[in-house]
Amino acid sequence: MLLDEPLGALDQEIREDLIKNIKEIHDKFQITMIHVTHNFDEALILADRIAIIRKGTIAQVGDSVEIFRYPSNKFVAEFVGVENIFKGTAKKVDDGLTVVDTGNISIYSVQEWEGSVYLTLRPEDVSVSLDKVQTSAKNIFNGVIKEVIDKGAIIRLMVDVGEPLAVFLTRQSFLEMELNIGKEVWIYFKATAVNRF
């Protein structure tokens with residue numbers, strides 16, 4: 001069954017009902033469905049496998065984790081909304097780690113490689129605190145909040161740590177820490193959260 005953006009012009013309540021119906025049809029009849037969409041929520045909820053197409057060619061195919069967390073190139077990363085993309089030079093270091101020098105900061109990853117690379121980091125994989133704390137995270141930076149965007153339940157911060165770094169926080173965390181533009185914070189993320197291509 002081919003569905004070409006079937007939910008594109010619908011309001012939220014009707015869209016949610018139809019998503020349930022599409023899932024029920026798929027489960028009941030066990031048929032292959034190709035669902036064309038630009039809506040990431042639809043893709044995450046409905047898809048077993050996702051293909052990102054660019055100029056008539058498949059740029060990457062995989063399950064939702066592969067596509068959204070491990071994009072294979074810059075186009076896919078930007079298309080699926082990875083806001084933290086860094087270019088740098090990688091060098092292997094001790095303990096199976098790689099350090100990537102962006103020219104402004106050094107970022108650790110567990111993926112071993114050397115040479116010129118791009119790194120990606122999802123904003124939801126970054127932690128924020130007001131004080132430096134003990135953590136197992138290899139990537140620790142001090143920075144200043146440059147931008148705050150209210151997305152409803154989520155607040156998006158842009159923090160300057162030598163590179164601009166997008167961070168997602170819950171509204172509750174944002175309010176409890178009394179964050180705002182100009183506030184100094186500590187940023188943490190694990191080496192396992194860093195993807196490269």
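Quick look at the values:
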read-out: Where a residue in segment 70-85 is of a type in the set (Gly, Ala, Ser) and its partner, wherever it lies, is not in a loop (DSSP other than H, G, I, E, B), with Cβ under 6 Å and at least six apart; value: 72/60; 77/85; 77/120
read-out: Selection count, segment 118-139, where residues are closer than 14 Å to residue 178 by Cα and not in a loop (DSSP other than H, G, I, E, B); value: 2
read-out: Hey, residue 155 part of a strand (DSSP E or B), farther than 19 Å from residue 70 by Cβ and not charged (D, E, K, R) or not; value: yes
read-out: Selection status of residue 90, free of Cβ contacts under 8 Å to residues at least 12 places away in the same chain and within 30 Å of residue 118 (Cα to Cα); value: no
read-out: Condition met for residue 142 (more than 16 Å from the chain's Cα centre (by Cα), part of a strand (DSSP E or B), of a type in the set (S, T, N, Q) and more than 17 Å from residue 86 (Cβ to Cβ)); value: yes
read-out: Hits in segment 180-195 (condition: in contact with a strand residue (DSSP E or B) (Cβ under 6 Å, 6 or more places away or on another chain) and in a loop (DSSP other than H, G, I, E, B)); value: 181, 183, 194
read-out: Odd one out for residue 175 among (1) surrounded by fewer than 12 Cβ atoms within 10 Å (Cβ to Cβ); (2) in a loop (DSSP other than H, G, I, E, B); value: (2)
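Yes/no per residue for (1) touching a Phe, Trp or Tyr at 6+ places or on another chain (Cβ under 8 Å); (2) of a type outside the set (Asp, Glu); (3) not assigned by TED's automatic domain parsing to the domain that holds residue 102:
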site	(1), (2), (3)
140	yes, yes, no
145	no, yes, no
155	yes, yes, no
158	no, yes, no
163	yes, no, no
167	no, yes, no
175	no, yes, no
181	no, yes, no
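The values are calculated or read from the model by the stated rules, or taken from the named source; none is laboratory data. In this text the structure is predicted, and so the values were computed from the model without any measurement. FYI the Cβ positions are ideal-geometry reconstructions off the backbone, even for glycines, and counts take in every protein chain you see.
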